[in-house]
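Coordinate-derived values only; no laboratory data. Given the structure is predicted, the values throughout are model-derived calculations rather than measurements. Virtual Cβ from ideal backbone geometry, glycine too; neighbours counted across all protein chains shown.
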Amino acid sequence: MDKIDFKDVHSMIGAEMVIDGNVSLKGGLIVYGKITGDVQTDGPVRVAGKGEIIGNITASDIHINGRVFGNVTVRDRAVLGAESTLNGDLVYRSLLIEEGARFEGKCDLTFDEENLKA
């Protein structure tokens, strides 16, 4: 499996930062702090060990090491790290759950139209 490409991530929520409200952006996002609201991006999202998102997430990819309370929809890869918590449903194309991850919800595999025609 290919790794999620975080080299072009230009937005970060710092460890002491708290956002109450929705976050919408075009590129990638790394969360060390807390967001209470939905996150919508065309790029990848990484939730660091002490990071927390309470809301739904839509992104290209996600790597969770912290806590997410909400539904997650990604176009490609989802990684639930060993210290992660995900309470919500997950839609993905590729999934890796590391030993120790906590996940409560349902998983749905997504397909794009091109793969269905093959």
>> If you take every DSSP beta bridge fully contained in the chain, what fraction is antiparallel? Give it as a percent rounded to 5.
In response: 0
> Hey, what do the phi angles of segment 76-87 turn into as Karplus ³J(HN,Hα) couplings, whole Hz, using 6.51/-1.76/1.60 and θ = phi - 60°, x for Gly and Pro?
Replying inline: 10, 9, 10, 10, 9, x, 4, 9, 7, 10, 10, 10
> Tally Lys/Arg at +1 and Asp/Glu at -1 over every other residue whose Cβ is under 12 Å from the Cβ of E83; what's the total?
Replying inline: +1
>> Can you give me the distance in nm between label points at S94 and D76, each placed 7 Å from the Cα along the Cα-to-Cβ direction?
In response: 0.7
> Tell me, what is the FRET efficiency for L109 and D20 to the nearest 0.05, using R0 = 30 angstrom and their Cβ-Cβ distance as r?
Replying inline: 0.35
> Just from its helices, what would the mean residue ellipticity at 222 nm be for the chain, if runs of 4 or more DSSP H residues each count -39500 (n - 2.57) and the sum is divided by every residue, rounded to the nearest 500 deg cm²/dmol?
Replying inline: -1000 deg cm²/dmol
>> For segment 9-93, take the convex hull of the Cα atoms, compute a quarter of its surface area, and give me that in nm², please.
In response: 4.4
> Can you count the Lys pairs in the chain with C-alpha separation below 26 Å, eight or more apart or on different chains?
Replying inline: 12
> What is the chain's relative contact order, in percent, from Cα pairs under 8 angstrom and six or more apart in sequence?
Replying inline: 15
